[in-house]
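As structure tokens, the structure follows; a few thoughts come after it.
The values are calculated or read from the model by the stated rules, or taken from the named source; none is laboratory data. For clarity, every value in this text was computed on a predicted model and none was experimentally measured. Note that we place each Cβ from the backbone using ideal geometry, even for glycine, and neighbour counts take in every protein chain shown. When the accessible area is computed, the model is the full protein with side chains, heavy atoms only, and any ligands, DNA or RNA have been set aside. Shrake-Rupley method; radii C 1.70, N 1.55, O 1.52, S 1.80 Å.
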Amino acid sequence: MMTDDDDFPLNMQSTCRPICSVRLQQTIILIVVFVFCVNKNSTELVFSEIKQSYNDLNVTTKPSPTNQSETADCHFTFTGGNETSISQERCTNIVHAKVRANMLWNNQQGYLWMQHSRKAGGTTLCMNLRLNIYGLVQLHAKDHVTASRETCQILAFCSDCDVKKKPGYSVAALPGMVRAAMDSHGRNFIEIEGSGIPDDMLESSWDDFVFVSTIRHPVDRIVSALLNDQCEGNRQCFEQKKRSFASDVSKCQLSVYNCNSNYFVRTFSGLDNRYTTDEDMLEKAKMNFLRFSCVVVVEYWNETVRCLETIGLHLKDIKLFNVAGDLQSINHTLSRETDYGKELSQEELALMKAFNEVDIQFYDWVIKQSVPEL
């Protein structure tokens with residue numbers, strides 16, 4: 001069972017923030033202070049002195065270039081051949097808001113919203129965030145005890161819940177609700193899994209937030225969700241889930257949590273189960289994507305995870321975790337080949353693609369934004 005962040009080993013949350021290393025001097029000072037403080041056998045003292053030492057440097061950090069370009073592609077094409085575009089000015093404003101949020105975070109200010117994409121590397125992203133929460137640059141797993149499974153959610157606030165259905169929720173109230181939850185737990189980051197991003201994430205009320213997430217080929221994500229999550233590896237259950245796939249899509253009308261039809265455009269648009277039109281959902285998802293500081297593509301993990309460095313999260317070694325949070329391997333490149341061919345008949349594949357046509361368009365577009373050299 002996942003434990004709340006208050007139970008996280010060594011009680012890191014109240015004293016530490018991610019640190020962006022821009023000078024060798026910073027790294028040396030942090031390591032010296034860390035070693036000195038460990039000998040005092042006081043966790044609170046360790047991280048309060050690390051943070052103070054960093055602040056004493058009085059260094060203003062700037063975001064480094066990201067592989068998700070600061071010049072936006074505002075020309076969107078849809079399945080039916082219809083085309084639409086938003087103004088370059090609108091795109092530029094979105095990207096500039098992202099850069100400002102990155103700068104705040106790199107200066108140990110603001111908050112981080114991790115949108116947990118289900119069965120799409122969300123656990124690995126969360127655990128990598130936790131590795132960096134120690135405030136030390138390029139820390140290896142062997143240097144500390146890694147929790148077997150720690151959620152980045154604040155369970156007392158929202159445990160896999162739909163945050164948009166919490167008492168007191170409104171679009172205008174959500175920023176304050178999330179900030180209050182983090183502040184009360186001594187945290188500056190939160191994971192949301194049971195609902196999509198804020199409806200109004202492009203508005204100024206979210207200017208002090210950086211947003212990070214992951215994405216995976218939509219059909220691969222569904223196969224993993226059915227086989228590994230809902231059926232826990234039971235093949236008989238998986239065969240039944242495939243047979244009932246078309247009828248189970250109706251669950252998307254209630255929640256995105258177990259939705260297997262255009263899941264990504266639902267969560268990235270912020271509209272969740274309020275599906276409008278394919279064009280509208282895709283356009284909103286693309287615009288919101290531009291505001292994300294980092295969206296790691298599972299099939300191109302090594303290439304795209306480096307965008308985390310724009311917010312000071314240093315991952316010299318790629319650390320991959322399974323759903324239980326166990327460290328799997330170092331410097332491992334995930335397969336770029338889709339896995340659904342091993343699990344689906346041609347008819348089953350065609351059906352899943354038909355119910356995820358807009359998601360596949362979005363996924364292909366994200367790859368072009370994230371790995372432009374392809």
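Annotations for the structure displayed:
- Per this entry, GLY270 is counted among residues that are open to solvent by less than 60 Å² (accessible area, probe 1.4 Å), more than 26 Å from ASN228 (Cβ to Cβ), modelled with pLDDT of 95 or more and under 17 Å from the mean Cα position of the chain (by Cα).
- Tally, over region 224-250, of residues that are open to solvent by 10 Å² or more (accessible area, probe 1.4 Å), of a type outside the set (S, T, N, Q) and under 22 Å from the mean Cα position of the chain (by Cα): 1
- Restricted to region 273-289, and to residues there that are of a type in the set (D, E, K, R) and touching a helix residue (DSSP H, G or I) at 6+ places or on another chain (Cβ under 6 Å), the residue that is surrounded by the fewest Cβ atoms within 10 Å (Cβ to Cβ) is ASP278.
- Only residues that are open to solvent by 90 Å² or more (accessible area, probe 1.4 Å) and either modelled with pLDDT under 85 or of a type in the set (A, V, I, L, M) (or both) were counted in region 91-100, giving 0.
- Contact map, region 154-170: residues that are over 19 Å from LYS119 (Cβ atoms) paired with residues that are open to solvent by less than 30 Å² (accessible area, probe 1.4 Å) and of a type in the set (Gly, Ala, Ser), Cβ distance under 6 Å, separation 6+ or inter-chain. Pairs shown: ILE154/ALA181; PHE157/ALA181; VAL163/SER195; LYS164/SER195.
- The criterion of being modelled with pLDDT of 95 or more and crowded, with 23+ Cβ neighbours inside 10 Å does not hold for PHE189.
- Residues (over 16 Å from the mean Cα position of the chain (by Cα), over 30 Å from PHE245 (Cα atoms) and assigned to a helix (DSSP H, G or I)) located in region 355-374: GLN369
- Of the helices (runs of 4 or more DSSP H) that lie entirely inside region 180-288, those containing 1 or more residues that are of a type in the set (Ser, Thr, Tyr) and free of Cβ contacts under 8 Å to residues at least 60 places away in the same chain span 245-248.
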